[in-house]
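Input: a single structure, listed below in structure tokens.
The values are calculated or read from the model by the stated rules, or taken from the named source; none is laboratory data. Values in this document were obtained by computation on a predicted structure and should not be read as measured data. Reconstructed Cβ throughout: ideal geometry from the backbone, glycine too, with neighbour counts over all protein chains shown.
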Amino acid sequence: MNRCPQCGVELESSYQTCPLCNEPLTLKKNEKIVLQPVYPGQKRPLNTHEKLHLFWELAGILHFSGLVVTFLVDLILHGKPGWSLYTITGITASYVYITLLIFLTRKTFWFLAGLLANTLALLFVIDWLHNSISWFIIPGLPLAGFFILLLGLVMVFIRLTRQRGFNVIGVVSLAIGIYIMLIELSIEMTHGVPLKLSWSVIVAAAILPFSLILFYFHYRLKRGTNLQRFFHV
């Protein structure tokens with residue numbers, strides 16, 4: 001795999017020009033591509049890990065700034081924290097999600113555990129601010145649990161499969177169809193009515209042909225279409 005010296009996208013060795021920025025990729029004899037630092041004071045280009053860490057730091061600054069500004073505005077206008085508590089809860093949960101995505105995506109178990117804990121904490125605090133934890137228990141708790149379970153199964157599938165392409169989209173589509181049915185069951189549990197699937201089955205049945213077509217294209221062609229190569233990104 002080659003890398004475009006202009007935009008940094010990964011390309012196959014057969015490409016002569018970058019399909020995104022049209023930068024020529026052919027080199028003269030004994031010529032090497034030298035990536036220039038983005039900033040004048042930078043000694044070398046940042047690697048992927050350093051870029052992610054820099055993004056995490058910038059996200060932390062932005063989230064903290066939003067948190068402080070929201071709290072101060074609410075305090076000045078109303079004399080005490082009110083609606084800002086909801087915003088602070090959402091901002092905090094957002095930063096935790098970003099932290100999990102940056103540092104724990106390769107550790108599937110801990111990533112899913114952190115995702116579940118953060119989601120449950122978010123739902124609990126929002127419900128608690130309403131002086132109740134009724135909808136946190138049902139449907140919040142089961143929906144969050146099922147979402148993490150399905151996400152974990154999708155991640156395991158992606159890790160285990162050697163050829164990743166349209167089959168990944170097919171699995172995600174099936175997971176969405178299953179989750180829609182779980183949403184209907186949770187809503188019925190909330191209202192205390194008999195559990196009976198109706199509209200969610202229609203939605204899931206509409207998703208199923210789309211997933212099967214994706215599986216057909218992926219496994220019938222027997223070449224494991226890579227999405228990045230297919231869309232030249």
Task: Some residue of region 142-156 being touching a Ser or Thr at 6+ places or on another chain (Cβ under 7 Å) and more than 30 Å from H53 (Cα to Cα) - done: yes
Open item on the list: Exactly one of these conditions fails for N167: (1) surrounded by 17 or more Cβ atoms within 10 Å (Cβ to Cβ); (2) out of contact with any Phe, Trp or Tyr (no Cβ under 9 Å at 6 or more places or on another chain); (3) not small (G, A, S). Give me its number.
Closed with: (2)
Open item on the list: Suppose we filter G145, G114 for residues that are crowded, with 16+ Cβ neighbours inside 10 Å, not assigned by TED's automatic domain parsing to the domain that holds Y179 and not hydrophobic (A, V, I, L, M, F, W, C); which single one remains?
Closed with: G114
Open item on the list: With the structure loaded, tell me whether K51 is of a type in the set (D, E, K, R), over 30 Å from L120 (Cβ atoms), out of contact with any strand residue (DSSP E or B) (no Cβ under 6 Å at 6 or more places or on another chain) and modelled with pLDDT of 75 or more or whether it fails that test.
Closed with: yes
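For the structure I just gave you, tell me whether R164 is among the charged types (D, E, K, R), more than 22 Å from P139 (Cα to Cα) and outside any loop (DSSP other than H, G, I, E, B).
Numbers: among the charged types (D, E, K, R): yes; more than 22 Å from P139 (Cα to Cα): yes; outside any loop (DSSP other than H, G, I, E, B): no.
No.
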Task: Residues of region 126-148 satisfying the condition of being over 22 Å from I180 (Cα atoms) and touching a Phe, Trp or Tyr at 6+ places or on another chain (Cβ under 9 Å) - done: I126, D127, W128, L129, I133
